[in-house]
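Visitor: I have a structure here, written as structure tokens, and I will follow up with some questions on it.
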Amino acid sequence: MTNLKQNEVWFLTGSQHLYGEETLRQVAEHSQIIAKELNQAEEISVSIIFKPTVKTTEEIYAVCQEANQSKNCIGVIAWMHTFSPAKMWINGLKILQKPMLHLHTQFNRDIPWESIDMDFMNLNQSAHGDREFGFIVSRMKIERKVVVGHWQAPQVKSQIDTWARAASGWNDWQGAKFARFGDNMRNVAVTEGDKVEAELKFGFAVNTFAVGDLVERINAATDAEVKALIEEYESSYTLADNLKTNGAKRSSLIDAAQIEIGMRNFLKDGGFKGFTNTFEDLHGMKQLPGIATQRLMAEGYGYAGEGDWKTAALVRAMKVMGTGLEGGNAFMEDYTYHFDPSNSMVLGAHMLEVDPVLASGKPTCEVHPLGIGGKEDPVRLVFNGKAGASLNASLVDMGNRFRLVVNEVEAVEVPHALPKLPVARVMWKPLPDMNTGCAGWIYAGGAHHTCFSQSLTSEHLTDFAKIAGIENIIIDKDINLRQLQNEIKWSDTFHKLGL
Ligand code: MN
């Protein structure tokens, strides 16, 4: 789907002319060594590109302007090896539109006790140079991530990668297009939102397309395309008997394959990165898309049901952020609870559209009636999700701002067979515990639709929310409900003041 190595993070080193040529030569040499090591680090998924030391207001402005213009540059790392008087940074930072990470590091890890002299001190002075830089960024109220530690430390590299992945998700949103088939599910509140504000804030566009035009593409699927896709279903999944050749429901599988081909062609030709649809508007479609949507999500398209374009866009960004990591990112809905006090958990699923990137083992391909939508029985993939550390993320529109709510959860093996449940399902235990986690989510106004992630951490989402400049609420093992409610109240005031 995405090659994150195409994304460049520019490594900017700040200094000044005060120290003379020899010091500046060493600064340049050191920052090249650091940039090279970060670029080659296994932990880092993007390219880290060295840029010559910036020493004047003009040089800083020029490199920020260049970063803004560069298509491949998704962000900048700033580091002050020596002192770089920060008034020089004002004009550049005023125009910088790319995400920024402030790396607070030092070239030498240790103090050379025997040999340390004032030359060493003048070269290795990021301890105060970076404070000067931090002041101006704070004074200008610019969001950035601050990473502290020696540049060779694995934790530093991994924190840089976390931010770089968030910046990659953000970069993917810029100019992205999401297709909406049908409007919002009638009367539902949380899936609504301001699409104009979203385009201003997030950089992606959401527009509607007629279901009839999609149906035309579905009907245009050729027999050869359908045959090839059904062969792929047969080799990838365990087909229910009634879907096999000569099975009683074989024609449903053919219809489902046609739907998938038509939808993929529509999305591909239109350059869309994701889509949403609704069971209330399927005019001309034989089935609610099940397997089609599931497989398109697994390919990397963002999706959410019932017109929920915010979650569709979030799913797409999180898929990009998780590229190459173990575990998937998927559209999810908190469906049903198990309130056994000794083993409380949530069953997550959707009517059909659960992303097979979450599957443990080979999914089965089945067809069953669906009580809503009023269409023929839809074909879907059925499977259980995997256990492991996970999270749910939800993007909601609070009227005067967007809020990203995250709950860390522990996914568990589905403890029992569910022979009558004809849908894929995942089970998890919210942190810090079922009751507190769910209460926190509800106080925060988190939606029933989420992106469920088994590859990202709340640090990825916090970095992402910072880059987007939106509110972020994390519900994790340390949450305190009283504090959370205060945080929400204070945040409301903060946003009302327009700070
Ligand atoms: Mn739903």
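Visitor: Filter the cross-link list Lys244/Lys286; Lys141/Lys268; Lys36/Lys386; Lys51/Lys145 down to pairs whose alpha-carbon distance in this structure exceeds 31 Å.
Guide: Lys141/Lys268; Lys36/Lys386
Visitor: A further question follows. Near the amide H of Gly388, under 5 Å away, which other amide H atoms are found, from residues 5 or more places off or on another chain, if H is placed in the peptide plane?
Guide: Ala411, Val412
Visitor: Which order do peptides 51-59, 256-264 fall in by mean Cβ count within 10 Å, highest first?
Guide: Put in order of decreasing packing, that is 256-264, 51-59.
Visitor: Can you give me the Cα centroid spacing of the stretch 223-283 and the stretch 185-208 in angstrom?
Guide: After rounding, the separation between the Cα centres reads 28 Å.
Visitor: Counting other Cβ atoms within 10 Å, which chymotrypsin sites (Phe, Trp or Tyr not before Pro) in the stretch 47-123 have at most 15 and lie in a DSSP loop?
Guide: Here the sparse-neighbourhood loop sites are Trp113.
Visitor: To check you understand DSSP bridge types, tell me what percent of the beta bridges within the stretch 177-496 (both residues inside) are antiparallel, rounded to 5. Before the final figure, lay out the partial values.
Guide: Details: 35 of 54 bridges.
Roughly 65 percent of the beta bridges in the stretch 177-496 run antiparallel, per DSSP.
Visitor: Which shape class applies to the stretch 4-173: rounded if a/c is under 1.5, otherwise prolate when a/b exceeds b/c and oblate if not, where a ≥ b ≥ c are the square roots of the Cα gyration tensor eigenvalues?
Guide: Verdict is oblate for the stretch 4-173.
Visitor: Take each of the peptides 408-415, 274-281, 477-484, average the number of other beta-carbon atoms within 10 Å over its residues, and list them starting from the highest.
Guide: By packing density, highest mean first, the sequence is 274-281, 408-415, 477-484.
Visitor: Let me ask you something else. Post the alpha-carbon centroid distance, the stretch 430-499 to the stretch 334-353, in whole angstrom.
Guide: 20
Visitor: Starting from the Cα of Arg109, move 7 Å in the Cα-to-Cβ direction to define the label point; list residues of the stretch 136-156 whose amide nitrogen is under 14 Å from there.
Guide: It comes to 149-156, nothing else.
Visitor: Along Cα→Cβ, 7 Å out, is where each label goes; now give me the distance between the ones at Asn219 and Asn343 in nm to one decimal.
Guide: Going by the 7 Å Cα→Cβ label model, 5.2 nm.
Visitor: Okay, moving on. What is the stretch 298-384 by shape, rounded, prolate or oblate, if you read a ≥ b ≥ c off the alpha carbon gyration tensor as root eigenvalues and call it rounded for a/c under 1.5, prolate for a/b larger than b/c, and oblate otherwise?
Guide: Details: a/c = 1.42, a/b = 1.09, b/c = 1.30.
It is rounded, given that a/c, with a ≥ b ≥ c, falls under 1.5.
Visitor: Here's another thing I want to ask about it. Summing -39500 (n - 2.57) over the DSSP H runs of n ≥ 4 in the chain and dividing by its residue number, what mean residue ellipticity at 222 nm do you reach, to the nearest 500 deg cm²/dmol?
Guide: So the calculated ellipticity at 222 nm is -12000 deg cm²/dmol.
Visitor: Suppose R0 equals 30 Å. What FRET efficiency, 1/(1 + (r/R0)^6) with r the Cβ-Cβ distance, do Asn187 and Glu42 give to the nearest 0.05?
Guide: 0.05
Any read-out appearing in this document is the output of simple, stated calculations on the displayed coordinates, not a laboratory observation. Quick caveat: nothing in here was measured; it's all calculated off a predicted structure. So basically every Cβ, Gly included, is an ideal-geometry build from the backbone, and we count neighbours across all protein chains shown.
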